[in-house]
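Contents: one structure, followed by commentary.
The values are calculated or read from the model by the stated rules, or taken from the named source; none is laboratory data. Note that this is a predicted model, so its numbers are computed, not measured. For neighbour counting, all protein chains shown are included, and Cβ atoms are generated from backbone atoms with ideal geometry for every residue, glycine included. Accessible surface is based on the protein model in full, side chains and every heavy atom, while ligands, DNA and RNA are left aside. Shrake-Rupley method; radii C 1.70, N 1.55, O 1.52, S 1.80 Å.
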Amino acid sequence: MADKKNKNLEFVNRKAKFEYHFLEEFEAGMVLQGTEIKSIRGGFVNLNDAYCFFKNDELWVRSLYIKEYKFGTYDNHEPRRPRKLLLKRIELRKLQKKVKERGFTIVPYRLYISERGFAKL
């Protein structure tokens with residue numbers, strides 16, 4: 001039986017809606033370590049200072065705070081480490097062109113757990 005407690009788990013950066021004008025929205029998967037997904041499911045996430053950048057034609061998110069897992073061992077994750085975002089190649093190219101224009105930036109607005117249990121940003 002599925003865990004209904006985490007079914008509607010969602011974190012929103014409300015401040016971004018006021019500071020930025022959104023032109024498009026994309027849904028990206030995230031490359032996470034084992035303890036990070038457990039912390040997300042526990043609700044220990046902060047999107048306020050997070051921003052996205054390109055490095056070697058790959059999209060990364062920086063300053064996304066995911067608290068260290070309470071029961072993690074020596075292999076626990078770093079709370080603000082850069083995390084790779086997973087998008088289709090066409091979407092990445094489109095975003096990369098827009099970011100090169102003056103005044104455009106990529107801001108993570110919402111993080112949630114999908115129906116299949118994956119973290120989406």
**Q.** Cα-centre dipole for the chain with unit charges at Cβ (Lys and Arg positive, Asp and Glu negative), debye to 20
**A.** 140
Q: Treating the angle as unsigned and between 0 and 90°, give the value, to the nearest 10°, between the Cα long axis of helix 89-100 and the longest Cα principal axis of the chain.
A: 60
(Q) Give me the mean projected area, in nm² to one decimal, of the convex hull enclosing the Cα positions of the chain. (A) 8.4
Q: Can you tell me the FRET efficiency between ARG89 and GLU68 if r is taken as the Cβ-Cβ distance and R0 is 35 Å, rounded to the nearest 0.05?
A: 0.60
**Q.** Alpha-carbon Rg/Rh ratio, for the range 56-109, with Rh computed the Kirkwood way
**A.** 1.11
Q. Which value, in debye to the nearest 20, describes the size of the charge dipole of the range 73-121 about its Cα centre when Lys and Arg Cβ atoms bear +1, Asp and Glu Cβ atoms bear -1, and nothing else is charged?
A. 420
Q. For the chain, what % of the accessible area comes from carbon and sulfur atoms, probe 1.4 Å?
A. 48
Q: Calculate, for the chain, the solvent-accessible area per residue in square angstrom, rolling a 1.4 angstrom probe over the heavy atoms of the protein chains.
A: 73
